[in-house]
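Structure first, then comments.
The values are calculated or read from the model by the stated rules, or taken from the named source; none is laboratory data. All of these numbers come straight from a predicted model, not from anything done at the bench. Don't worry about glycine lacking a Cβ; one is built from the backbone with ideal geometry, like all the others, and counts go over all protein chains shown. Please note that ligands, DNA and RNA were not included when accessible areas were found on the heavy atoms of the full protein model with its side chains. Shrake-Rupley method; radii C 1.70, N 1.55, O 1.52, S 1.80 Å.
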Amino acid sequence: MSFDSELKQKTSDVEKLIISYLPKEQGWAKTVMSAMNYSVCAGGKRLRPILMSETYKMFGGSGSQIEPFMAAIEMIHTYSLVHDDLPAMDNDEYRRGRKTTHIVYGEAMAILAGDGLLNYAFETALKAFEADGADLKRCSRALSILAQKAGIYGMIGGQTADIEAEDLGSNVTEEHLLFIHEHKTAALIQAAMMIGAVLGKADEDRISVIERAAYEIGIAFQIQDDILDVTGTLETLGKPVGSDEKNNKTTYVTLKGIEAAGAQQKEMSSNAIALLEGLDAQGIRNDFLMELIQSLITRIK
Ligand code: GRG
């Protein structure tokens, strides 16, 4: 099977899995459940759960304890997009080719849907503890990684620095920008791959290698996101381009120019590949994962 059809197949399998964990829309709180489901079902690349399950497989992981974590990380990622699109943040009308949650359900309900997804992510991840043959110690480590990388020392911290940077204009330094990208974007990618490694029974040294590789992938992914905000189209991205300019954001593109940003993106992707090749030399490999990381370098959506 070609890489593209394999990715398509895996994306559709992951999508079904995520949907199976979504709440039933019922009762007096039905509207928040429907807003949550609307945002999760809007599509998206499902990159984080795929990275998680491929890292799990790379370490020889099998069994269902990874599945609740795969759904949970996509719920956290989706909540962050719902809140990021709110009028108080980026104020965006389109995401994943559809109207954003606050446009369809109103602002109050979009705030609650984001909160609901964040909380439901942990309700969902906890189901891993009940899976057949679950390793409770590793599940608890995985849960703590998820909480930390999504929280104030991770994504929420990055978003805070990002929002404050909007007022600094051209005074944003490369160091500040790197903090934002590391926390806002790379942290969740690190959580995805580290949870795969932890549940796949990787030892501490190898979990650290995965954390570093995911850092490189995360920053490279964000730089490409910044590039696509300038060079992409509404049709392929499913959201308007030029959002960074609209929100007065300093990005790698505004800081260094598009060519240097592209070169840095490639360099960081190569660093990630080199780290994974180091594991390959120890007999730990996943060809699909390698191809997936390569494909992110030239992604157009
Ligand atoms: C509101 C706490 C809070 C955080 C928001 C994720 C985020 C932080 C903001 C969204 C804007 C943005 C550019 C974030 C960087 C991460 C990123 C590139 C998200 C988009 O991820 P994709 O491309 O999206 O994987 P899909 O739709 O494919 O899932």
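Filter the trypsin sites (Lys or Arg not before Pro) in the stretch 1-97 to those in DSSP coil with at most 15 other Cβ atoms within 10 Å of their Cβ, and list the result.
Filter output for the stretch 1-97: Lys24, Lys45.
Just in the stretch 148-234: which GluC sites (Glu not before Pro) are loop by DSSP and have at most 15 other Cβ atoms within 10 Å? Don't skip to the answer; put the middle values down first.
Working: sites: Glu164, Glu166, Glu174, Glu175, Glu182, Glu204, Glu211, Glu216; in loops: Glu166.
Loop-located and lightly packed - Glu166.
Keeping all protein chains in place, calculate the accessible area per residue for the stretch 35-164 (probe 1.4 angstrom), answer in Å².
Heavy-atom SASA per residue in the stretch 35-164 reads 40 Å².
Quote to one decimal, in nm, the extra length available between Met1 and Gln26 on full extension: 0.36 nm per residue of separation minus the C-alpha distance between them. It would help to have the intermediate numbers written out before the result.
On the way: separation 25, 0.36 × 25 = 9.00 nm, distance 4.10 nm.
Taking 0.36 nm per residue and subtracting the Cα distance, the gain is 4.9 nm.
Tally up the carbon and sulfur contribution to the accessible surface of the stretch 3-295 as a whole percent, 1.4 Å probe, everything protein left in place.
Reported share for carbon and sulfur atoms: 52 percent.
Determine the relative contact order of the chain: mean sequence separation of Cα pairs under 8 Å and six or more apart, normalised by residue count, in whole percent.
RCO, the chain: 20 percent.
Treating only the Cβ of Lys, Arg, Asp and Glu as charged (+1, +1, -1, -1), what charge dipole size does the chain show about its Cα centre? Round to the nearest 20 debye.
For this selection, approximately 840 debye.
Dividing the alpha-carbon radius of gyration of the chain by 2.2 N^0.38 Å (N being the number of residues), what value is obtained?
Details: Rg = 18.5 Å, N = 301, 2.2 N^0.38 = 19.2 Å.
Cα Rg divided by the expected 2.2 N^0.38 Å: 0.96.
Can you give me the distance in nm between label points at Ser62 and Gln264, each placed 7 Å from the Cα along the Cα-to-Cβ direction?
4.4 nm
Could you derive backbone 3J(HN,Hα) for the stretch 139-147 from the dihedral phi with the Karplus parameters 6.51, -1.76 and 1.60 (θ = phi - 60°), listing whole Hz in sequence and x where the residue is Gly or Pro?
4, 5, 5, 4, 5, 5, 4, 4, 5
Which order do Cys41, Cys139 take by accessible area at a 1.4 Å probe, largest first?
From most accessible down to least: Cys41, Cys139.
Placing +1 on the Cβ of each Lys and Arg and -1 on the Cβ of each Asp and Glu in the stretch 1-73, which of Ala29, Thr55, Phe69 has its Cα farthest towards the positive end of the resulting dipole?
Ala29
How far apart, in nanometres, would the label points at Glu107 and Arg141 be if each is projected 7 angstrom from Cα along the Cα-to-Cβ direction?
For Glu107 paired with Arg141, the spin-label model returns 4.4 nm.
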